[in-house]
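S.K.: Got a structure for you, written out below as structure tokens; questions coming shortly.
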Amino acid sequence: MTWLVTGGAGYIGAHVVRALRAEGLPVVVFDDLSTGAKERVPDDVPLIAGSVLDGELLTEVLREHDVAGVVHMAGKKRVDESVAEPTFYYRENVEGVRSLLDAMAAADVRRLVFSSSAAVYGMPEQEGLVREDVDCRPLSPYGQTKLAGEWMVRAQGLARGLAFANLRYFNVAGAAEPALGDQGAFNLIPMVFARLDAGRPPLVFGTDYPTPDGTCVRDYIHVADLATAHAAAARRLAGDPQAALTLNVGRGAGVSVLEVLTAVAAATGLDTTPEAAARRPGDAPSVVAAADRIAAELGWHAEHDLAAMVDSAWAAWQARRSSGAAGATGAAGAASAAGSAGSPNPSGSP
Ligand code: WQD
């Protein structure tokens, strides 16, 4: 039973490819290589370079490789970029799903694992853990495109008998091996590394939130755990043609920015005493997954703790630096990560 992984040359996709193969499932990767890297795809995995907007090519690939299911991860994922370029995000992330669903219908492929995001929740109203059935009010175009993608997948599921799992990722970090690390510096942990590299203190965006230590609380999940969640979803869809799942993928454990900095100090041996910066518009005080639904539906739970995430992220960061990649591909990210205090996170814009 072959699975097509769109975006399989990306940071998360490369981990998912390995998790599926570890289950003995043949995999084909489809990636436009805009942010993915072909070095991340194992030599014996077919790699088709193409855009998911190319429905004809997708249909051909699905047929040629006798694909039984798709894990759709190709897409754009930067909140700030989505605010600046909303139509680009709608084209890549919404039109991309539309194109894929039509290609799957044409090739009669009836299983889909869709990469969604906790960004669909926006500013969760309730205290405590975020459940899948709360009202979704995304704050950024990025979050909107993921929610629109979920809606389309669900509607197609009803219309065409498509078994699906919409997986809402929380804050992904770490690497299963150093070569598979995140090449960008657009999230807290790599942004802290970039600041430390630049000899500057990490920035904390807001220290007066209504949280135990005043800094924002998130649910960090190891990318290797996220990958096994996809394998568990694929297994479920293989045996359940009626599956219609929307699931948080998180640990259900809240971690503050200051706690992340403590873990970074432990992993690196460096001083992570932060510099307080203004709140980023659009940051919710606390976004932590209710993780019981995915446990009940897929029998999945995360196995790695925060220390494992930060240790492996640091090992990957150092590998990237020593390979010279930081200068080549990470310059923009490192520059933005090292950027000025209080630079706005446009995720708050509607
Ligand atoms: C985490 C916390 C910052 C950098 C976004 C998307 C989400 C998902 C993950 C893709 C926040 C604080 C950060 C820094 C800081 N992406 N921070 N200093 O905003 O929770 O989630 O990325 O699917 O959908 O919305 O992640 O890593 O940017 O920030 O204090 O230098 O760290 O304010 O509280 P976020 P993040």
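The values are calculated or read from the model by the stated rules, or taken from the named source; none is laboratory data. Predicted model only: the values in this text are computed from it and were never measured. With ideal geometry, Cβ positions are generated from the backbone for all residues, glycine too; neighbour counts draw on all protein chains shown. Heads up: the accessible areas ignore ligands, DNA and RNA and are worked out on the full protein's heavy atoms, side chains in. Shrake-Rupley method; radii C 1.70, N 1.55, O 1.52, S 1.80 Å.
S.K.: In the set Ala290, Ala307, which member is among the aliphatic types (A, V, I, L, M) and closer than 22 Å to Ser116 by Cα?
M.R.: Working: Ala307 fails: closer than 22 Å to Ser116 by Cα.
Every option except Ala290 fails the conditions.
S.K.: Select from the stretch 248-279 the residues that are open to solvent by 50 Å² or more (accessible area, probe 1.4 Å), within 18 Å of Ala198 (Cβ to Cβ) and of a type in the set (Ser, Thr, Tyr) and list them in ascending order.
M.R.: Thr273
S.K.: Any chance the stretch 71-81 includes a residue that's more than 27 Å from Asn171 (Cβ to Cβ) and in the same structural domain as Thr35 (by TED's automatic domain parsing)?
M.R.: No, that holds for no residue.
S.K.: Considering Glu60, Glu92, Glu64, which residue is surrounded by 19 or more Cβ atoms within 10 Å (Cβ to Cβ), out of contact with any strand residue (DSSP E or B) (no Cβ under 6 Å at 6 or more places or on another chain) and not hydrophobic (A, V, I, L, M, F, W, C)? Quick ask: steps written out before the conclusion?
M.R.: Numbers: Glu60 fails: surrounded by 19 or more Cβ atoms within 10 Å (Cβ to Cβ); Glu64 fails: surrounded by 19 or more Cβ atoms within 10 Å (Cβ to Cβ).
Sole residue among the options that is surrounded by 19 or more Cβ atoms within 10 Å (Cβ to Cβ), out of contact with any strand residue (DSSP E or B) (no Cβ under 6 Å at 6 or more places or on another chain) and not hydrophobic (A, V, I, L, M, F, W, C): Glu92.
S.K.: Return yes or no: is Glu132 touching a Ser or Thr at 6+ places or on another chain (Cβ under 6 Å) and either open to solvent by less than 10 Å² (accessible area, probe 1.4 Å) or in a loop (DSSP other than H, G, I, E, B) (or both)? Break it down stepwise before answering.
M.R.: Details: touching a Ser or Thr at 6+ places or on another chain (Cβ under 6 Å): yes; either open to solvent by less than 10 Å² (accessible area, probe 1.4 Å) or in a loop (DSSP other than H, G, I, E, B) (or both): yes.
Spelling it out, Glu132 is indeed touching a Ser or Thr at 6+ places or on another chain (Cβ under 6 Å) and either open to solvent by less than 10 Å² (accessible area, probe 1.4 Å) or in a loop (DSSP other than H, G, I, E, B) (or both).
S.K.: Also, I was wondering about something else. Does the stretch 55-74 contain any residue that is outside any helix (DSSP H, G or I), touching a residue at least 24 places away in the same chain (Cβ under 8 Å) and over 17 Å from Arg111 (Cα atoms)?
M.R.: Taking the stretch 55-74 as the starting set, the residues that turn out to be outside any helix (DSSP H, G or I) are 65-74.
Those left that are additionally touching a residue at least 24 places away in the same chain (Cβ under 8 Å): 65-74.
When the remaining residues are screened for being over 17 Å from Arg111 (Cα atoms), the result is none.
Within the stretch 55-74, none of the residues are outside any helix (DSSP H, G or I), touching a residue at least 24 places away in the same chain (Cβ under 8 Å) and over 17 Å from Arg111 (Cα atoms).
S.K.: Now for a separate question. Within the stretch 1-26, can you find the residues that are open to solvent by 10 Å² or more (accessible area, probe 1.4 Å) and of a type in the set (Phe, Trp, Tyr)?
M.R.: Tyr11
S.K.: Does Thr262 satisfy being without any contact (Cβ under 8 Å) to a residue 12 or more places away in the chain and assigned by TED's automatic domain parsing to the domain that holds Pro202?
M.R.: So Thr262 fits the description; yes.
S.K.: Only one residue in Thr268, Thr246 is within 18 Å of the chain's Cα centre (by Cα) and at pLDDT 95 or above. Which one?
M.R.: Working: Thr268 fails: within 18 Å of the chain's Cα centre (by Cα).
Being within 18 Å of the chain's Cα centre (by Cα) and at pLDDT 95 or above holds for just one of Thr268, Thr246, which is Thr246.
S.K.: Return yes or no: is Val113 assigned to a strand (DSSP E or B) and in contact (Cβ under 8 Å) with a residue 40 or more places away in the chain? So that I can check it myself, show each step before the final result.
M.R.: Values: assigned to a strand (DSSP E or B): yes; in contact (Cβ under 8 Å) with a residue 40 or more places away in the chain: yes.
Yes; evaluated as a whole, the condition is true for this residue.
S.K.: Hey, another quick one. Determine if the stretch 206-221 includes at least one residue that is in contact (Cβ under 8 Å) with a residue 12 or more places away in the chain, closer than 30 Å to Arg111 by Cβ and over 24 Å from the mean Cα position of the chain (by Cα).
M.R.: Checked against the condition, which is being in contact (Cβ under 8 Å) with a residue 12 or more places away in the chain, closer than 30 Å to Arg111 by Cβ and over 24 Å from the mean Cα position of the chain (by Cα), the stretch 206-221 yields no hits at all.
S.K.: Related question: Within the stretch 27-50, is there a residue that is closer than 30 Å to Val217 by Cβ and crowded, with 17+ Cβ neighbours inside 10 Å?
M.R.: yes
S.K.: Moving on. I need a count of the residues in the stretch 285-305 that are open to solvent by less than 50 Å² (accessible area, probe 1.4 Å) and either at pLDDT below 95 or not in a helix (DSSP H, G or I) (or both).
M.R.: Filtering the stretch 285-305 for residues open to solvent by less than 50 Å² (accessible area, probe 1.4 Å) gives 285-291, 294-295, 298, 300, 302.
Narrowing the set further to residues that are either at pLDDT below 95 or not in a helix (DSSP H, G or I) (or both) leaves 285-291, 300, 302.
Final tally of qualifying residues: 9.
S.K.: Being aromatic (Phe, Trp, Tyr) and more than 30 Å from Ala19 (Cβ to Cβ) is the filter; apply it to the stretch 193-235 and report the residue that is farthest from the ligand (Cβ to nearest atom).
M.R.: The extreme case among them is Tyr209.
S.K.: Got a sec? Which of Ala313, Ala276, Ala253 is closer than 25 Å to Ser115 by Cβ, within 16 Å of the ligand (Cβ to nearest atom), outside any helix (DSSP H, G or I) and not polar (S, T, N, Q)? I'd like the intermediate steps shown before the answer.
M.R.: Values: Ala313 fails: outside any helix (DSSP H, G or I); Ala276 fails: closer than 25 Å to Ser115 by Cβ.
Only one candidate passes the filter, namely Ala253.
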